[in-house]
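So the structure is just underneath, and the comments pick up after that.
The values are calculated or read from the model by the stated rules, or taken from the named source; none is laboratory data. Because the structure is a prediction, the values reported are computed rather than measured. Quick reminder, even Gly has a Cβ in these numbers, built from the backbone with ideal geometry, and neighbours come from all protein chains shown. Side chains are part of the model used for accessible areas, which takes the heavy atoms of the whole protein and leaves out ligands, DNA and RNA. Shrake-Rupley method; radii C 1.70, N 1.55, O 1.52, S 1.80 Å.
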Amino acid sequence: MEEGERKMNLLIVDDNVPVVHGIENIIDRKENSIDGIFKAFSMHRAMEILKREKIDLLISDIEMPGGSGLDLIEWVNEQKICCISIILSSFADFHYAKKAISLGVSEYLLKPVENEELMRAIKKAQQKLPAKQKEMEQEKNTDETGSDMIEKIKQYIEEHLSQEITRKEIAEFAGFNQEYLSTLFKKETGDTLSEYIQKKRLSVAKKLLRKTNLPISLISQECGYETLSYFSNVFRQRVGVSPREYRKQCVQKSGNTAK
């Protein structure tokens, strides 16, 4: 190990206790640059350790009570935990192997495994770790950049609410292509662009109806609706009453509160 290189932590997961201890005993920590070896005998215990400790390498059985090793690795991926996984299974099952590959498992080894084969798999996994760390860091930075841009897009929409706002226009503002913009916006907000703009327009309209005496026709224009009739139809469909009825209800509620 080179000077300054961080040693790695290994988690072994198997409901067969002798297997776990057997793997632990054959690993040369110094030779394999491994600092801590953690052990778990169920998926849920493994999840607790992964939440608490910085695990770099994961060796897991597949079939265990309370959740399989494949379920565990799928959870690791969902949680964006940066570790390389090795499956150690008693089953030469095509479907298991196919699922493992889809989850990005480094090796699918069959029990009983030769010591040399396991050590080779560990070294191979260790070599993959820097690339995965870099990939996940880039993904994190992309997500953060995307989140910042979404906030700018929301501000842009608010400032141009009285105008026609197209996806092409917003994409040009953000510097994205239209397909990527749609995907990112949906991922970050849960709404499509058109849904968000519609909700924003109605939200502002409701606020103006409640808090001002502006004519409804002017509120319609301020919120970007082409005609008063179109605004009234959309408002009734989404809110359940017409803009005029909504304002009347708000005035009545305000009067009752005042009393």
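At-a-glance table
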{"quantity": "Label-point gap, in nm, between Ser254 and Glu78 - each point 7 angstrom along Cα→Cβ", "calculated": "4.7 nm"}
{"quantity": "Nonlocal Lys pairs with alpha-carbon distance under 16 Å, segment 1-90 (8 or more apart, or different chains)", "calculated": "6"}
{"quantity": "Segment 1-99 - accessible surface per residue (Å², probe 1.4 Å)", "calculated": "51 Å²"}
{"quantity": "Hydrodynamic radius of segment 1-151 per Kirkwood, over alpha carbon pairs, in Å", "calculated": "16.1 Å"}
{"quantity": "Histogram of C-alpha separations across the chain, 5 Å bin width, %", "calculated": "1, 5, 11, 12, 10, 8, 7, 6, 6, 7, 7, 6, 6, 4, 3, 1, 0"}
{"quantity": "Nearby lysines by direct alpha-carbon distance to Lys206 (threshold 29 angstrom, same-chain neighbours under 8 apart not counted)", "calculated": "Lys152, Lys154, Lys168, Lys186, Lys187, Lys248, Lys253, Lys259"}
{"quantity": "Within the accessible area of the chain (1.4 Å probe), percent carbon and sulfur", "calculated": "48 percent"}
{"quantity": "Radius, Kirkwood style, for segment 5-46 when every pair of distinct Cα atoms is counted (Å)", "calculated": "10.8 Å"}
{"quantity": "For segment 92-199: rounded, prolate or oblate by the Cα gyration tensor [a/c cutoff 1.5]", "calculated": "prolate"}
{"quantity": "Accessible area per residue, Å², segment 147-191 with all protein chains present, probe 1.4 Å", "calculated": "61 Å²"}
{"quantity": "FRET E, pair Thr189, Arg45, Förster distance 45 Å, beta-carbon r, rounded to 0.05", "calculated": "0.80"}
{"quantity": "Over the chain, relative contact order from alpha-carbon pairs under 8 Å, at least 6 apart, %", "calculated": "11 percent"}
{"quantity": "Sequence of His44, His21 from largest to smallest accessible area, 1.4 Å probe", "calculated": "His44, His21"}
{"quantity": "Restricting segment 1-64 to trypsin sites (Lys or Arg not before Pro) in coil, as DSSP defines it, with at most 11 other Cβ within 10 Å", "calculated": "Arg6, Lys30"}
{"quantity": "Between segment 218-240 and segment 126-153, the Cα center-to-center distance that results, in Å", "calculated": "41 Å"}
{"quantity": "Nearest-ten-degree value, helix 17-26 long axis tilted from longest Cα axis of the chain", "calculated": "70 degrees"}
{"quantity": "Rounded to 10°, Cα long-axis angle of helix 228-239 versus longest principal axis of the chain", "calculated": "50 degrees"}
{"quantity": "Using alpha carbons only: equivalent-ellipsoid semi-axes of segment 161-259, gyration tensor based, whole Å", "calculated": "31, 14, 11"}
{"quantity": "Tilt relative to the chain, helix 115-159 - C-alpha long axis, 0 to 90 degrees, to 10", "calculated": "10 degrees"}
{"quantity": "Cleavage-rule hits (GluC sites (Glu not before Pro)) in segment 8-109: DSSP loop, at most 15 neighbouring Cβ within 10 angstrom", "calculated": "Glu31, Glu53, Glu63"}
{"quantity": "Distance between modelled label sites at Arg52 and Asn115, nm, 7 Å Cα→Cβ extension", "calculated": "3.1 nm"}
